[in-house]
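Take a look at the following structure, please.
The values are calculated or read from the model by the stated rules, or taken from the named source; none is laboratory data. Quick caveat: nothing in here was measured; it's all calculated off a predicted structure. Glycine also receives a Cβ, built like all others from the backbone with ideal geometry; neighbour counts cover every protein chain displayed.
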Amino acid sequence: MTLHKPQGYTMQNVLVYFEKPESQHACENAVADVMFVLDESGSVGSNNYKKMKEFVSHIVKSFPIGPKHVRVGAIRFAKVTTPQFALNSYNDKNLVLKGINSIPYRGGNTKTHKALNYLRTTSFTQAAGDRKDAPNIAIILTDGKSTNQRETITAAKKLRNANVIVFAIGIGNNLNELELKEIGNSPTDKYVFTVNNFDALKSIETDPCDAKPCKNSGVCKSKGNSYTCTCKTGYSGENCDKACENAVADVMFVLDESGSVGSNNYKKMKEFVSHIVKSFPIGPKHVRVGAIRFAKVTTPQFALNSYNDKNLVLKGINSIPYRGGNTKTHKALNYLRTTSFTQAAGDRKDAPNIAIILTDGKSTNQRETITAAKKLRNANVIVFAIGIGNNLNELELKEIGNSPTDKYVFTVNNFDALKSIETDPCDAKPCKNSGVCKSKGNSYTCTCKTGYSGENCDKVDPCAAKPCKNGGVCESNGNSYKCTCKAGYSGTNCDTVDPCAAKPCKNGGVCESNGNSYKCTCKAGYSGTNCDTVIPDCVCKVAGDPHYATFDGQLIHFMGTCKYTLASTTKGSSLMAFSVEAKNEHRLNNKKVSYIRMVDVKVNGVTLRLLPGHTVLVNKQILQMPLKNFLAFNATYSAGWVTVTTTFGLKVKFDGNHRVYIYVSGEYRGQLTGLCGDCNSKRDDFRTKEGVDVSKKANKYSLIGKSYQVPDDSDKPEKVCNVTDITTDCDLKITGVCELMTHENGIFGQCVKSLGKEVARQYLDSCKIDVCAYSMTAKYKKSATCKSFESFVKECEAKDVLVNWRGVLGCQLDCSTWANTMYKFNANTTILSSDCSVSVTCLGNGKIHESSSCPSGSDCLIEFGQRMCKCPDGYAPLNGECKKTLKPPPSPIIDPAFLQPVMHMFIRVSVAYIKGTFLEELKFEHVEKCAHRCMNNTKCKSFNFDDLVKTCQLYSISAATGITLTPSECPYREYYQRIDSKTVVIYGATITTCIHISEYSNIKTEAECKKLRIKGNYTAMEYSKFFKGCGVTHNAEKTYGLTGNIFWKFELMLDEIPKMTN
């Protein structure tokens, strides 16, 4: 058994809220609301489940259970989450333990996210016993990874954002440690624990220091099952519970030997001093003692440095003689200051100076005595004044001793009563306001009268009058009080019935009470009487030639070639205004249909333009992705899509070819307009921009589309907008392939079940329209078919259904027309080439002008997504040159991962990953950092990168040696293989990028495919034994867009192995 934690770290010393009652008195008042969450999935088993419950019981035994201290609840989860008992179910420890013992075991799979959401929405609510001022703590125990990591991470984040402290305990070898770390709070070494098996749970509690045995701030260090305490100065003993043995002080006793004392009483005075000294730890590094006597004159008896042994000190005290005379107290006080407490007499610089004055009468010169005492105290001497007898000047005594006088000035009636100064602490009358004092050795307790509280009954207790009604709990704070009301009551004294006290408004909704009723004002994104209904995002999807699936689920088929508004805020909306516009174009020499060519996202006067080939412009300036916090946008490229996000809930995705997805926060419902509709939850989108219902007109789609036309500000605006009404008048033999979309028993069966038949039917209709429009040639028909299925499959992936369909349908990404559809720049528009060393100006008529854009000797770097020139250290750009400067400007580069290009050293395979034991797993924001990490590790041959959870896994293996890649269920997961040979081989990958590829069928062996590659002098090939398919390409690109597919093997021949560039 191994506990994966730093030595000595245990569950108990992390839970600082629950130190055991016997370990520290103050912990008996610990306050917290604690929920235990038990994984009862099938992999646990009833025997291990019993051990899990025993572990929970053992922890609970150390809690001070009670309505004002620690409350405990429990839930269990597998496929569903089941509450066992709530925080307010039990207020007795035995009942809690009985409740834990009775938790049943059921089995099932591991839906962790449901349990985390239940904690947030139900367990930690006032109705379930949650207290407003008590910290909320959740302790999750699980034996494996959840069935949905993404939802689990999201639910955990929401739980922690609700101020819940989350501890995650993983048991066994089938753990997802990354997921555990995402569940628990940070730092993970304090909030996340793993053990190898259920028996090892005990190891989380074995540290003997958990019990906090070291008192008085002593430091505990464990040694196996034992411990040692390192005590603070002034304490000693095994548990640092013995005070003063290490005390440090210089103490002077001052004895009044005037004639009124008498030799017999003088003896009693010396016995009193000896008794005090016996409790001192006498020594050169601890307490030193000196003594002087005074009457008419002051006589030193022995100095602070005279004796370092207690017996010698006691002997010195016993030998002090008695002389007699009058009482010149001021001389003794001056002697202390000028002689006794000096370095020559043994005074230590860092030791406190203490003087104990014993006298039986008033001094002969009160004024000088008071002056001398003031000077002594001002010299930082702590002065105790003890007056004995009935002839005292109490005013003078109080002027001699320090303040407060009840701690530094003592009086007794006679010398025999000196003993009472040590024996009865109640003599000082510590209990105020008529409190009754009861001594216990050297300590005491006060029994206070009604209306008062505190150790000395010196605190007024306003709660004594029981002002809190209806079961409210009163807490005093000085002279004031606060009532914590039970659910359903409010007001200063809990005497007002309050329906809002039960917190009926969920998800941050604001409750307003009106008598016995209430009203919830919901936050954006929520609705319902109690704000418990999540308003989903408005989602519009545009694809094909083109088909618009509106926010409210209707389908519009519109084929105009101008520029149109897809989605925009309505006039008068109080929300952030935006507009998403799309420009369409004809393709494949077909004037009947059109495809989306570019997308504009407009916010606050800024236009972000998405172009074919994943190119991004901001206000007509080309920028390099990723853009982070750039003006109003973030823009990233991943898995074939450019994704634009904003801070106010708008997201736009464009695949650079024909698909556009628009996501708008639910708070915009009913405040939108455009071809995507208004998102009002009604199927009434067959209306024009002016609101005219055209649903019954034959040309309804054209009427709707034309009404949303906007000025065409693209590089090639259309003079005349061609609009063609749709047709499906085609033979079933032509459109029959589309029927595969709705076959519940085919390869898309799971997808149909997840999307529903209505949605699948919409995609089927769109497919028929597209295929019918392009039925003139087999090549165009196939291209239209593949685009239709591409859109359908993307919808499947959004429902976590992965379909390996390209190989089955023979679909590659069609790029045959890209030469005619790539964005063309206006004449005299200056752009930067990929390495930004050359500035290119388009002059028109196909002519260009090239010139240097960076000073000689400078490098091209990226800042905020924009390419720029940077001179070497010590140089600055001046008049087109990098010139030496004494004070170079600071580097503008934010992320070093982009300084040195490295991605050309790898080949990427999207939606795929390699299985095995990784060299290391790290968190990186960008894939470039992961690639740099791999390049710096000589053992690294490949890596997986998950762009959703930003996880990088390095491997010493690759898919070049017979290991087949595994298709990913997550579209954000990608595999990268290091190019270490001129021949690159990847098992489990197929070409899907936009390159020209020649395809051959009925190729029975890989050798036949290789012959075709060699014969045509092709650079790359792919082969599938299952499909007997072969694809070869002569494209000279160094990187290929590949997708995971277990049926295919990819092979690439390079002229040379890529090298790192500076």
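Go through the range 493-514 and give me each residue that's out of contact with any strand residue (DSSP E or B) (no Cβ under 7 Å at 6 or more places or on another chain) and over 24 Å from Glu475 (Cβ atoms).
Lys506, Gly508, Asn514
Can I ask one more? What single numbered condition from (1) under 19 Å from Thr81 (Cα atoms); (2) part of a loop (DSSP other than H, G, I, E, B) fails to hold for Ser186?
(1)
Name the residue that is farthest from Ala567 (Cα to Cα), counting only residues in the range 657-683 that are surrounded by 23 or more Cβ atoms within 10 Å (Cβ to Cβ) and of a type in the set (Gly, Ala, Ser).
Among them, the one singled out is Gly677.
Exactly one condition in (1) touching a helix residue (DSSP H, G or I) at 6+ places or on another chain (Cβ under 6 Å); (2) modelled with pLDDT under 90; (3) in a loop (DSSP other than H, G, I, E, B) is not met by Lys689; state its number.
Exception for Lys689: condition (2).
Say we look at the range 296-348 and pick out the residues that are free of Cβ contacts under 8 Å to residues at least 60 places away in the same chain and among the aliphatic types (A, V, I, L, M); which of these is surrounded by the most Cβ atoms within 10 Å (Cβ to Cβ)?
Per the stated criteria, the residue is Val313.
I'd like the full set of residues that are over 18 Å from Lys706 (Cβ atoms) and either acidic (Asp, Glu) or not assigned by TED's automatic domain parsing to the domain that holds Thr647 (or both), limited to the range 540-589.
Asp552
Six or more apart or on different chains, Cβ under 7 Å: which pairs go from a residue in the range 750-771 that's without any contact (Cβ under 8 Å) to a residue 12 or more places away in the chain to one that's buried (at least 21 other Cβ atoms within 10 Å of the Cβ) and among the aliphatic types (A, V, I, L, M)? Could you list them?
If the second residue must be buried (at least 21 other Cβ atoms within 10 Å of the Cβ) and among the aliphatic types (A, V, I, L, M), the pairs left are Val752/Ala760.
Shifting gears a bit: Just to verify a result, which residue in the range 79-119, among those that are of a type in the set (A, V, I, L, M, F, W, C) and more than 28 Å from the chain's Cα centre (by Cα), is nearest to Ser146 (Cα to Cα)? First the steps, then the outcome.
Initially, the range 79-119 is screened for residues of a type in the set (A, V, I, L, M, F, W, C), giving 80, 85-87, 95-97, 100, 103, 115-116, 119.
Pick out the ones that are also more than 28 Å from the chain's Cα centre (by Cα) and you get 85, 95-97, 100, 103.
Values: Phe85: 24, Leu95: 31, Val96: 28, Leu97: 28, Ile100: 24, Ile103: 21 Å.
Within the range 79-119, the match that is nearest to Ser146 (Cα to Cα) is Ile103.
In addition: Quick one: which helices (runs of 4 or more DSSP H) lie wholly within the range 34-140 and hold at least 3 residues that are more than 25 Å from Lys181 (Cβ to Cβ) and not charged (D, E, K, R)? So that I can check it myself, show each step before the final result.
Values: elements: 46-60, 93-101, 112-118.
Hits in the range 34-140: 46-60, 93-101.
Give the residue that is nearest to the chain's Cα centre (by Cα), with candidates limited to residues of the range 771-790 that are among the polar types (S, T, N, Q) and not in a helix (DSSP H, G or I). If you could, list the steps in order and put the result at the bottom.
At the first step, the residues of the range 771-790 found to be among the polar types (S, T, N, Q) are 775, 777, 783, 785, 788.
Pick out the ones that are also not in a helix (DSSP H, G or I) and you get 775, 777.
Values: Ser775: 54, Thr777: 56 Å.
Here the answer is Ser775.
Among the candidates Ala127, Ala115, Ala134, Ala138, single out the residue that is in the same structural domain as Glu179 (by TED's automatic domain parsing), buried (at least 21 other Cβ atoms within 10 Å of the Cβ), within 30 Å of Lys482 (Cβ to Cβ) and touching a residue at least 60 places away in the same chain (Cβ under 8 Å).
Numbers: Ala127 fails: buried (at least 21 other Cβ atoms within 10 Å of the Cβ); Ala115 fails: within 30 Å of Lys482 (Cβ to Cβ); Ala134 fails: buried (at least 21 other Cβ atoms within 10 Å of the Cβ).
On inspection, the qualifying residue turns out to be Ala138.
Scan the range 162-172 and give yes if some residue there is surrounded by fewer than 19 Cβ atoms within 10 Å (Cβ to Cβ) and at pLDDT 85 or above, otherwise no. Quick ask: steps written out before the conclusion?
Pass one, the range 162-172, residues surrounded by fewer than 19 Cβ atoms within 10 Å (Cβ to Cβ): 162-163, 172.
Filter once more, so that each one left must be at pLDDT 85 or above: 162-163.
Yes: one or more hits.
I need the full set of residues from the range 924-948 which are surrounded by fewer than 16 Cβ atoms within 10 Å (Cβ to Cβ) and either β-branched (Val, Ile, Thr) or not assigned by TED's automatic domain parsing to the domain that holds Gly988 (or both), in order please.
Within the range 924-948, just Thr938 meets the criteria.
Can you tell me which of Arg669, Arg659 is basic (Lys, Arg), touching a Cys at 6+ places or on another chain (Cβ under 9 Å) and assigned by TED's automatic domain parsing to the domain that holds Leu555?
Details: Arg659 fails: touching a Cys at 6+ places or on another chain (Cβ under 9 Å).
Of Arg669, Arg659, the one residue that is basic (Lys, Arg), touching a Cys at 6+ places or on another chain (Cβ under 9 Å) and assigned by TED's automatic domain parsing to the domain that holds Leu555 is Arg669.
So how many residues does the range 296-348 have that are among the β-branched types (Val, Ile, Thr) and within 60 Å of the chain's Cα centre (by Cα)?
Going residue by residue through the range 296-348, those that are among the β-branched types (Val, Ile, Thr) are 297-299, 313, 317, 320, 327, 329, 338-339, 342.
Going one step further and asking which of them are within 60 Å of the chain's Cα centre (by Cα), we end up with 342.
Going through the range 296-348 one residue at a time, the tally reaches 1.
Then there is this: Suppose we filter the range 40-98 for residues that are among the charged types (D, E, K, R) and within 25 Å of Asn174 (Cα to Cα); how many remain? Break it down stepwise before answering.
Step one: of the range 40-98, the residues among the charged types (D, E, K, R) are 40, 50-51, 53-54, 61, 68, 71, 76, 79, 92-93, 98.
With within 25 Å of Asn174 (Cα to Cα) added as a condition, the list becomes 40, 50-51, 53-54, 76, 79.
Residues meeting the conditions: 7.
Here are some conditions: (1) under 24 Å from Leu948 (Cβ atoms); (2) part of a loop (DSSP other than H, G, I, E, B). Lys158 meets all but one. Which one does it not meet?
The failed condition is (2).
All but one of (1) surrounded by 18 or more Cβ atoms within 10 Å (Cβ to Cβ); (2) among the β-branched types (Val, Ile, Thr); (3) in a strand (DSSP E or B); (4) modelled with pLDDT of 80 or more hold for Thr607; state the number of the condition that does not hold.
The one condition Thr607 does not meet is (1).
Given (1) at pLDDT below 65; (2) closer than 30 Å to Pro281 by Cα; (3) loosely packed, with under 15 Cβ neighbours inside 10 Å, identify the lone condition not met by Asp241.
The failed condition is (3).
For the range 637-657, name all the residues that are in a strand (DSSP E or B), at pLDDT 85 or above and not polar (S, T, N, Q).
Taking the range 637-657 as the starting set, the residues that turn out to be in a strand (DSSP E or B) are 637-638, 641-645, 650-654.
Now narrow it down to the ones that are at pLDDT 85 or above: 642-645, 650-654.
Correct list: Val642, Val644, Leu650, Lys651, Val652, Lys653, Phe654.
Now for a separate question. Applying the selection to the range 610-626, what residues are under 28 Å from Thr570 (Cα atoms) and either of a type outside the set (D, E, K, R) or modelled with pLDDT of 80 or more (or both)?
Within the range 610-626, the subset under 28 Å from Thr570 (Cα atoms) is 610-611, 616-620.
Hits for the range 610-626 are Leu610, Leu611, Val616, Leu617, Val618, Asn619.
Also: Suppose we keep only residues that are surrounded by 19 or more Cβ atoms within 10 Å (Cβ to Cβ) and small (Gly, Ala, Ser) within the range 528-563. Which one would you say is modelled with the highest pLDDT?
Ala549
Being hydrophobic (A, V, I, L, M, F, W, C), more than 29 Å from Asn117 (Cβ to Cβ) and in a loop (DSSP other than H, G, I, E, B) is the filter here; which residues of the range 525-575 pass it?
Phe558, Met559, Cys562
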